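**Q** To start, I am sharing the structure in question, which I have written as structure tokens.
The values are calculated or read from the model by the stated rules, or taken from the named source; none is laboratory data. Here the structure is a predicted model, which means the values were calculated and not measured. When we count neighbours, we look across all protein chains shown, and the Cβ atoms used for this are built from the backbone with ideal geometry, even at glycine. Side chains are part of the model used for accessible areas, which takes the heavy atoms of the whole protein and leaves out ligands, DNA and RNA. Shrake-Rupley method; radii C 1.70, N 1.55, O 1.52, S 1.80 Å.
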Amino acid sequence: MLDPIVAFFSRLFSMAARGIRLAVGWLLWPFAQAGRWYTRRGWIVRGVIGLGLLALVVLYAYFFYVTQFWNGFNPDYPAHLAQARETSGAGDPVSAPADAASGGEARTAQSCKASAIAGVSADLIDFNVNQNAWISSMLLSKAGLFGIDWRNTPFFDNKAAFQLGINQVMRRTTTELVDTLGRVRGTSQIDQNLQDARTAMAWSETAWYVGWRGPTRPSPSVYREGMEKLRAFNASLEKCQATFDARADNLMQFLDRIAGDIGSTSDILRQRIEVSDAGWFDLRADDRFWFAYGQLYAYYGMLVAARSDFASVVAERNLTTLWTRMEENLRASLDVQPWIISNGNESSAIFPSHLATMGFNLLQVRSNLVELRSILDR
């Protein structure tokens with residue numbers, strides 16, 4: 001009685017195995033043909049092709065390393081600023097340290113407080129292009145997976161999206177430094193170091209040594225120049241030769257810009273949530289998540305730094321409690337680091353919605369920024 005059933009399943013498994021063999025054979029056929037062609041060539045041809053393949057393997061091994069290992073990643077990176085809170089703001093005169101050559105008496109040379117915003121910005125650029133390789137301009141990143149953009153695959157795009165999120169914040173911050181923070185009421189002369197830093201950070205994120213228009217400069221090299229210009233601005237500020245206009249209306253505008261940037265990213269997440277609920281199989285959810293995470297990572301440092309640069313404004317307007325709560329919310333949002341990003345239905349019990357979680361964190365921070373701005377506007 002069971003013989004027909006056993007025979008049916010035997011035929012079924014046999015057909016499945018044959019189908020798998022055919023599929024594997026079809027996939028491997030080009031490689032088998034290439035292998036036969038390769039073995040029939042002379043030693044010179046085989047040597048050249050072998051070296052090319054070896055170089056490709058080495059490049060992919062390096063690409064795998066730089067995309068999977070995150071050097072210097074530390075959500076608590078601005079902790080030193082939080083532990084050294086002062087009442088003076090950026091650009092304010094500070095007492096010069098004692099000079100041992102003058103018997104311990106204070107030096108007469110004037111010294112001013114450097115900008116924490118400019119300092120943290122330089123450190124984040126250093127993190128992006130020195131402590132880690134800048135992925136978006138690498139050849140294998142531009143080539144994709146057999147011509148498919150890495151963003152449309154589940155591989156090798158998370159760290160690149162994270163770096164781009166940080167870079168977005170650097171562009172916003174350098175613009176604000178040039179337009180308002182680094183000059184008096186927007187009417188004084190633009191600081192050349194800040195102008196050069198903004199120009200550098202506006203450079204294409206995917207530029208390599210050769211572009212469509214011929215030789216060009218790779219993105220990491222240009223971003224390093226921006227980092228050096230920010231540090232040069234701080235060096236001038238410490239000598240009281242530059243300006244940082246730490247006024248309440250400038251802080252309000254800076255918070256406005258950050259809130260707008262965060263609101264734009266939360267809308268991008270919302271659109272992705274509406275387009276797809278494929279859970280772990282949404283291939284675009286991971287780069288959306290890590291781009292937003294990179295923004296929060298950078299804005300955490302920017303806002304801790306802004307509290308230092310605008311210390312007198314924060315104290316005068318009694319913003320300490322609210323600002324501390326905002327920093328705590330930002331830091332808590334950085335603890336969300338899922339191994340696999342899921343964009344499932346928000347009511348699903350199996351596929352979580354990490355994009356919804358990130359969107360909630362963004363809107364919570366934005367709400368704190370709006371509240372701070374409303375107090376400053378009174």
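**Q** Quote the accessible area belonging to M15 in square angstrom, nearest 10, computed with a 1.4 Å probe and with ligands, DNA and RNA left uncounted.
**A** 130 Å²
**Q** Same structure, new question: Any chance you could list the semi-axes, whole Å, largest first, of the equivalent ellipsoid that the Cα gyration tensor gives for the chain, using √(5λ)?
**A** Semi-axes, largest first: 51, 29, 16 Å.
**Q** For a quick check, take a GNM of the chain with Cα springs below 10 Å and name the residue from R247, R317, R366 with the largest mean-square fluctuation.
**A** R317
**Q** Hey, can you grab everything whose amide H is under 5 Å from the amide H of G279? Only 5+ residues off in sequence or another chain; H modelled, so Pro and N-termini drop out.
**A** Under 5 Å from the amide H of G279 lie the amide H atoms of N343, G344, N345, each far enough along the sequence or on another chain.
**Q** I've got another one for you. Roughly how much of E228 is accessible, in Å² to the nearest 10, using a 1.4 Å probe?
**A** 100 Å²
**Q** Please compute the per residue accessible area over the chain with all protein chains in place, 1.4 Å probe, rounded to a whole number of Å².
**A** 54 Å²
**Q** Ok, one more. Aspartates and glutamates within cross-link reach of K159: Cα-Cα under 16 Å, excluding same-chain residues under 8 positions apart?
**A** D126, D149, E205, D286, D287
**Q** Here's another thing I want to ask about it. Using amide H atoms built in the peptide plane, which far-off residues or other-chain residues are under 5 Å from G211 H to H?
**A** Sorted by chain and number, the residues that satisfy this are T216.
**Q** Still on this model: Can you check what the net charge comes to around S141, using other residues whose Cβ is under 11 Å from the Cβ of S141 (Lys, Arg +1; Asp, Glu -1)?
**A** 0
**Q** Sticking with this structure for a sec: A114's amide H: which non-local residues (gap 5+, or another chain) put their own amide H closer than 5 Å, with H modeled 1.01 Å from N in plane and none for Pro or chain starts?
**A** Excluding prolines and chain starts, which carry no amide H, the hits are G91.
**Q** Please turn the phi angles of segment 211-227 into ³J(HN,Hα) values with the Karplus equation 6.51 cos²θ - 1.76 cosθ + 1.60 (θ = phi - 60°), one per residue in order, whole Hz, x for glycine and proline.
**A** Running phi through 6.51 cos²θ - 1.76 cosθ + 1.60 with θ = phi - 60° gives x, 5, 9, x, x, 8, 9, x, 3, x, 5, 5, 5, 5, 5, x, 4 Hz.
**Q** A further question follows. Starting from the Cα-Cα distance between A82 and L322, subtract it from 0.36 nm times their residue separation and give me the gain in nm to one decimal.
**A** Gain on stretching A82 to L322: 84.9 nm.
**Q** Tell me the accessible surface of S374 in square angstrom (1.4 angstrom probe, heavy atoms of protein chains only), to the nearest ten.
**A** 50 Å²
**Q** Can you tell me the relative contact order of the chain? Whole percent, Cα pairs under 8 Å, sequence separation 6 or more.
**A** So the answer I get is 20 percent.
**Q** Shifting gears a bit: Heavy atoms only, 1.4 Å probe, whole protein assembly: order S111, S121 by accessible area, highest first.
**A** Of S111, S121, the descending order of accessible area is S111, S121.
**Q** Sorting W323, W203, W43, W339 by accessible area (1.4 Å probe), largest first, what list results?
**A** Sorted by accessible area, descending: W339, W43, W203, W323.
**Q** Now for a different question. If you take every residue apart from I190 with its C-beta less than 9 Å away from the C-beta of I190, what net charge results, scoring Lys and Arg +1 and Asp and Glu -1?
**A** Summing Lys/Arg as +1 and Asp/Glu as -1 gives -1.
**Q** Restricting to Cα pairs below 8 Å that are 6+ residues apart, what does the relative contact order work out to for segment 158-212? Please round to a whole percent.
**A** That works out to 34 percent.
**Q** Whole angstrom only: what separates the Cα centroid of segment 244-260 from the Cα centroid of segment 354-378?
**A** 15 Å
**Q** Taking the Cα centre as origin and putting +1 on Lys and Arg beta-carbons and -1 on Asp and Glu beta-carbons, what dipole magnitude results for the chain, to the nearest 20 debye?
**A** Result for the chain is approximately 1600 debye, rounded to the nearest 20.
**Q** Still on this model: Indicate the gyration tensor shape class of segment 182-267 (rounded, prolate or oblate), computed on the Cα atoms with a ≥ b ≥ c the square roots of the eigenvalues: a/c under 1.5 is rounded; otherwise a/b larger than b/c is prolate and the rest oblate.
**A** Oblate, since a/c reaches 1.5 and b/c is not below a/b.
**Q** Considering the options A305, G344, L51, tell which one lies farthest towards the positive end of the dipole of the chain, charges being +1 on Lys and Arg and -1 on Asp and Glu at the Cβ, about the Cα centre.
**A** Projecting each Cα onto the dipole axis, the largest value belongs to L51.
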